[in-house]
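Working notes, beginning with the structure itself.
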Amino acid sequence: MKINAKDRLIIALDVSSWEEARSLVKKLKGVVSFFKIGIILHLMTGIDFIKEIIASGNKVFLDLKYFDVEDTIREAVENVSKMGVTFLTLHGTGKIIKAAVEGRGKSGLKLLAVTVLTSLEAQDIKDLGFECSVEDLVLFRAKKAAAAGCDGVIASGREAELIREKIGNKLLVVSPGIRRKTDTVDDHKRPATPTNAILGGADYLVVGRPIIKDKDPRQAAADIIKEMEIAFQKREKDS
Ligand code: C5P
């Protein structure tokens, strides 16, 4: 089945007001239809903005990175599952992820477990108390997510290939920390280009600043989609 690159780009709406977020969605109309709402925006706009985005025919990725006791997670995820949201992120032990899977029940909500943030490098995970390589931790968490029935993982495009190689195709791989060769990397320590992430096996790319801070977000998104399209075609041809 041919992948439509346009459906695979998710814009991180990392702005602080309803007006800015609405203006970005308007500018990107017809080019992008999948938006990530995270902790910068969500508190300012709440559930009503999520409803507005969905009602106008777009998809929502709610990136609140849930991490809590199992009963809380189960109930919180059940609430999200009634809102028409497409993706939700969480951290977790196997038990936490299983509770989330129970919470979303038979709804269409897809759960994505965070592996290792793309802003972290070896010394940061040591700082968190993990004595292993970034790749080992990514793989450990991805395996755990798959075993617990999670739908996918958030992982750097750099580790997409490793996940595909060791775990296969049962997990969606959603990759943030995407930067074209010409972009500044900002706070990412493990960024990947759209091409490399897709050739490695990523299903969806999440892009914020390179698009939302561009003077022409619509053109920037279109340029990235073009690069994605070429990479998806190459991947399909080579498979
Ligand atoms: O602006 P930028 O493209 O770096 O935005 C990336 C987005 O993805 C941000 O909203 C950030 O919170 C999120 N992110 C993530 N996991 C990572 C890296 C970034 O959820 N590993």
Task: Residue list for the range 44-64, restricted to those being open to solvent by 20 Å² or more (accessible area, probe 1.4 Å), touching a helix residue (DSSP H, G or I) at 6+ places or on another chain (Cβ under 9 Å) and either in a helix (DSSP H, G or I) or within 12 Å of the ligand (Cβ to nearest atom) (or both) - done: M44, D48, E52, L64
TODO: Scan R190, R209, R179 and give me the residue that is closer than 24 Å to A113 by Cα and without any contact (Cβ under 8 Å) to a residue 40 or more places away in the chain.
DONE: R179
- [ ] Go through (1) in contact with a Lys or Arg (Cβ under 8 Å, 6 or more places away or on another chain); (2) assigned to a loop (DSSP other than H, G, I, E, B); (3) farther than 30 Å from K215 by Cβ one by one and return the number of the condition V85 breaks.
- [x] (1)
Open item on the list: Given the criterion among the aliphatic types (A, V, I, L, M) and touching a Cys at 6+ places or on another chain (Cβ under 6 Å), identify the matching residue among I73, I97, I54.
Closed with: I97
TODO: Could you please find all residues in the range 126-146 being farther than 11 Å from L171 by Cβ, open to solvent by 90 Å² or more (accessible area, probe 1.4 Å) and either part of a loop (DSSP other than H, G, I, E, B) or of a type in the set (K, R) (or both)?
DONE: K126, L128, E131
Task: The listed residue being in contact with an Asp or Glu (Cβ under 6 Å, 6 or more places away or on another chain) and open to solvent by less than 90 Å² (accessible area, probe 1.4 Å), out of P194, P176 - done: P194
Open item on the list: Tally up the residues in the range 27-43 that are near the ligand (Cβ under 9 Å from one of its atoms) and open to solvent by less than 60 Å² (accessible area, probe 1.4 Å), please.
Closed with: 2
- [ ] Quickly run through the range 1-13 and pick out the residues that are within 16 Å of the ligand (Cβ to nearest atom) and either assigned to a strand (DSSP E or B) or open to solvent by 60 Å² or more (accessible area, probe 1.4 Å) (or both).
- [x] L9, I10, I11, A12
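The values are calculated or read from the model by the stated rules, or taken from the named source; none is laboratory data. As the structure is a prediction and not an experimental result, all values here were calculated from the model. Glycine gets a Cβ as well: all are built from the backbone with ideal geometry, and neighbour counts include every protein chain shown. Heads up: the accessible areas ignore ligands, DNA and RNA and are worked out on the full protein's heavy atoms, side chains in. Shrake-Rupley method; radii C 1.70, N 1.55, O 1.52, S 1.80 Å.
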